[in-house]
1. For A123 and L5, FRET efficiency with R0 = 30 Å and r from the beta-carbon atoms, rounded to 0.05?
2. Which cross-chain or sequence-distant (5 or more) residues have an amide H under 5 Å from the amide H of D217, H modelled 1.01 Å from N in plane?
3. Using a simple spin-label model with points 7 Å from Cα along the Cα→Cβ vector, what separation in nm is obtained for Q12 and A44?
4. Calculate I(q)/I(0) for the stretch 246-366 by the Debye formula, one identical point scatterer on each C-alpha and no solvent, and give its log10 at q = 0.11, 0.12, 0.14 Å⁻¹ to two decimals.
5. Do the sum for the chain: with -39,500 (n - 2.57) for every DSSP H run of n ≥ 4, divided by all residues, what is the mean residue ellipticity at 222 nm, to the nearest 500 deg cm²/dmol?
6. Based on C-alpha coordinates, I'd like the Rg and Dmax of the stretch 97-162, in Å.
7. For H323 paired with E148, estimate the spin-label separation in nm (one decimal), with each label point 7 Å from Cα along the Cα-to-Cβ line.
8. If you average the alpha carbon positions of the stretch 181-247 and of the stretch 302-370, how far apart do those two centres end up, in angstrom?
Amino acid sequence: MRVPLVDLVAQQREIADEVGPRLQAVFDSAAFIGGAAVTEFEDAYARHIGVEHVVGVANGTDALELALRAAGVGVADEVIVPANTFIATVEAVSRIGAVPVLVDVDARQLLIDPVEAERAITARTKAIVPVHLFGQTAPMERLSKLSEEYGVVLVEDAAQAQGARRSGRPAGGFGIAAGTSFYPGKNLGAAGDAGAVLSNDADVAARVRTIAAHGSDRKYVHDVVGFNSRLDAVQAVVLHAKLGRLTEWNRLRRNAAARYVELLADVGGLGLPVSDPMNDDVWHLFVVQVDERDRVLAELNAAGIGAGIHYPTPVHLTGAYAHLGRGVGDFPTTEAAAQRILSLPLYPHITAHQQEYVADVLTRACRPRP
Ligand SMILES: *Cc1c(COP(=O)(O)O)cnc(C)c1O
């Protein structure tokens, strides 16, 4: 049996009949950039998530950069970011010329630790970027309090949390703005690269649109230095069709997560993910923790199981961020997790049979050796 890490072909099969004619209509009209398909998707996504404004852009990294810039982050401003994240969160800060200030995460959810975030605040701090990792929502109440107390803005990285909620509020709806990614493997994925900025602030959303359109809000009038970051009509059509299934697909992810928890409850030495009781998680990834992770991963892979590691190298230990001057031991929780984390295959269309097979191989791999 083969169990991939994600199964995008199954998603395509579900939407093919609906998307085919709509894509043909886009090609026939040759309205590739902007237009009704993009606006309709932006509005539908805003309604679905529960935010006022959505601006479609080219990818998630752009979305974060645009959200930060529209929120007023500029050159030499300090931006607090969790050390345990995908590197794109930090790249978005760097591209502005702002200074990423990494902080450690909590050991349970592996999300930004508000105590560490507060400790890192200085007179130069402009923003905190909570990352809603693995489909969880970061502890936004405590971060919102820091935002008010210290006058720093919150810009959320919601790339892994489409449809996630915390105390009934949407991930991506707490801060001044949020960036999300529609990379194909995300809970809501395009047929290529795409992303969006979310905001409840009309001025922020308007600034995002301007910066993403070469700094122009009227044709050939350029008052700020921008760049080009657009969601195209082809991606909007695919995203709109998948959006109609997102609630159901997230429900199936929750079911699959619950099934793993049941199947793996008695495996000695295996750490299972636990939801924060305030959260309604959307399980972008199902991340367990295990000793001898590399051996266990190799055994899963050898058995045809597409397990992975998100992420093997903490940002401060990458070559790209050596210049931050942080080293081994600076973010102990992130570093310890990086040795033990293992992402199991989880996607809406995974079958009980596939999950039983994964659990079986994993259980054997975790058995103590003589
Ligand atoms: C995917 C992802 C991004 C970047 O999105 P791209 O569309 O690949 O640029 C940023 N942050 C997190 C946490 C992600 O998972």
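Please treat every number below as a calculation from the coordinates, not as lab data. Since this is a predicted model, take the numbers as computed values, not measurements. Because the Cβ atoms are built from the backbone with ideal geometry, glycine has one as well, and the counts that use them run over all protein chains shown.
1. Working: r = 44 Å, r/R0 = 1.45.
That pair, L5 with A123, gives E of 0.10.
2. Result for D217 returns D223.
3. 2.0
4. -0.42, -0.50, -0.66
5. Working: 11 runs with 150 residues, N = 370.
Helix contribution divided over all residues of the chain: -13000 deg cm²/dmol.
6. 11.4, 33
7. 3.8
8. Computed from Cα coordinates, the inter-centre distance equals 31 Å.
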